[in-house]
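The values are calculated or read from the model by the stated rules, or taken from the named source; none is laboratory data. Just so it is clear, the structure is predicted and the values come from calculations on it, not from any experiment. Virtual Cβ from ideal backbone geometry, glycine too; neighbours counted across all protein chains shown.
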Amino acid sequence: MTTQLISKEEIIQGIGLKKYHLAWMADFIMQALGLHQINQFYAALPSQTDGLSFLATAMKNLKVNFPVPENDWANIPREGAFISVSNHPFGMLDGILLIMILGKIRPDAKVMANFLLQRIEPIKHFFISVDPFETANQTTRSLAGTKLTLQHLKDGHPVGIFPAGEVSSYQKKKDLLENIPFKIQDRTWQLPVMKIIRKAQVPVLPVYFHGQNSPLFHFLGRIHPLLRTTRLINEFLNKRNKTIPIRIGSPISVENQNEFEKLEDLAAFLKKETYSLSKTIKNMVA
């Protein structure tokens, strides 16, 4: 396995620094974005491990605790295809924790995840490279990923999805879920994901992650979404020594899903069912 997730050369080329004779800024940019720190964290992981053991070591090194009530494990179907839907409070950490949870019961599970997780050799087989949230000019890669997702489900295996397609942030009052006492939530869950769920015709498993990113992350997001995005690596690293309670709800049957003719209504229902699990978490801070 390589010792870096993202190299200085990739930053120079990706941003086009050399073109403007600004290659000297690469180190500063990598430091500001947390890339030096994430590379150091990655290099410290044992190269001889892979799969869930690799992730367990990563979370142990980060000292992240993610308790799941014992009774919740029984909600994960032991056989057959299903789709898990989750809120997306943190970013990369959500994908890691989700595959650790699903994979404990279902080693055949995969998760739709961001590009950094797909660069990690020991665990890349857990993740599907897809952007199911595009509505126009979809890339060949996205289309192939969606096709792979549906095939994985057709073959009887589970897939985890974050239907918001972006990390939770401040939402306008009209977009907030009722009876949920916090303003930082997922945006409206995206219709392209609902199309996948509708086409798959499999049970849906709600999984809730409790917590949120730092005030700085959300402050920057109010200035411009791109500024918020630049904080995501640092937000992963600042979860050191945190406890992130997780709840796994009961599977939602295909029959129950089909009660909602409009995809917008299905999206609202699944989001509400997932966030309703937050009401059962008490006296724990992420």
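The set of residues in the stretch 101-115 being crowded, with 21+ Cβ neighbours inside 10 Å and assigned to a helix (DSSP H, G or I) consists of Ile101, Leu102. Cβ separations smaller than 7 Å between residues 6+ apart or across chains give no pair from the stretch 36-47 residues that are charged (D, E, K, R) to residues that are crowded, with 17+ Cβ neighbours inside 10 Å and part of a loop (DSSP other than H, G, I, E, B).
One residue stands out among those in the stretch 222-233 that are surrounded by fewer than 20 Cβ atoms within 10 Å (Cβ to Cβ) and not hydrophobic (A, V, I, L, M, F, W, C): the one that is nearest to His152 (Cα to Cα), which is Thr229. Restricting Lys195, Lys174 to those that are out of contact with any Leu (no Cβ under 7 Å at 6 or more places or on another chain) and of a type in the set (D, E, K, R) reduces the list to Lys174. Taking the listed residues Ile233, Ile244, Ile223, Ile196, the one that is among the aliphatic types (A, V, I, L, M) and in contact with a Phe, Trp or Tyr (Cβ under 8 Å, 6 or more places away or on another chain) is Ile244, with no other qualifying.
Of all the listed residues (Ser250, Ser168, Ser214), the sole one being within 16 Å of Leu98 (Cβ to Cβ) and either modelled with pLDDT under 95 or assigned by TED's automatic domain parsing to the domain that holds Asn65 (or both) is Ser168. Of the candidates Asn213, Asn179, the single residue that is polar (S, T, N, Q), outside any helix (DSSP H, G or I) and over 20 Å from the mean Cα position of the chain (by Cα) is Asn179. Is it true that Phe269 is modelled with pLDDT under 95 and either of a type in the set (A, V, I, L, M) or assigned to a helix (DSSP H, G or I) (or both)? No; evaluated as a whole, the condition is false for this residue. Would the stretch 189-196 turn up any residue that is surrounded by 18 or more Cβ atoms within 10 Å (Cβ to Cβ), β-branched (Val, Ile, Thr) and either in contact with a helix residue (DSSP H, G or I) (Cβ under 8 Å, 6 or more places away or on another chain) or outside any loop (DSSP other than H, G, I, E, B) (or both)? Among the residues of the stretch 189-196, at least one is surrounded by 18 or more Cβ atoms within 10 Å (Cβ to Cβ), β-branched (Val, Ile, Thr) and either in contact with a helix residue (DSSP H, G or I) (Cβ under 8 Å, 6 or more places away or on another chain) or outside any loop (DSSP other than H, G, I, E, B) (or both), which makes the answer yes.
Answer yes or no as to whether Ile123 is in contact with a helix residue (DSSP H, G or I) (Cβ under 9 Å, 6 or more places away or on another chain), modelled with pLDDT of 95 or more, in a helix (DSSP H, G or I) and crowded, with 19+ Cβ neighbours inside 10 Å.
no
Among Lys242, Lys262, which is among the charged types (D, E, K, R) and either within 22 Å of Gln171 (Cβ to Cβ) or at pLDDT below 95 (or both)?
Being among the charged types (D, E, K, R) and either within 22 Å of Gln171 (Cβ to Cβ) or at pLDDT below 95 (or both) holds for just one of Lys242, Lys262, which is Lys262.
Rundown of residues vs (1) among the hydrophobic types (A, V, I, L, M, F, W, C); (2) free of Cβ contacts under 8 Å to residues at least 60 places away in the same chain; (3) in contact with a Cys (Cβ under 7 Å, 6 or more places away or on another chain), yes/no style:
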| site | (1), (2), (3) |
| --- | --- |
| Leu55 | yes, no, no |
| Lys60 | no, yes, no |
| Asn65 | no, no, no |
| Val68 | yes, no, no |
| Asn71 | no, yes, no |
| Ile83 | yes, no, no |
| Phe90 | yes, no, no |
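Evaluation of Ala144 against the conditions (1) assigned to a helix (DSSP H, G or I); (2) modelled with pLDDT of 95 or more shows that the sole unmet condition is (2).
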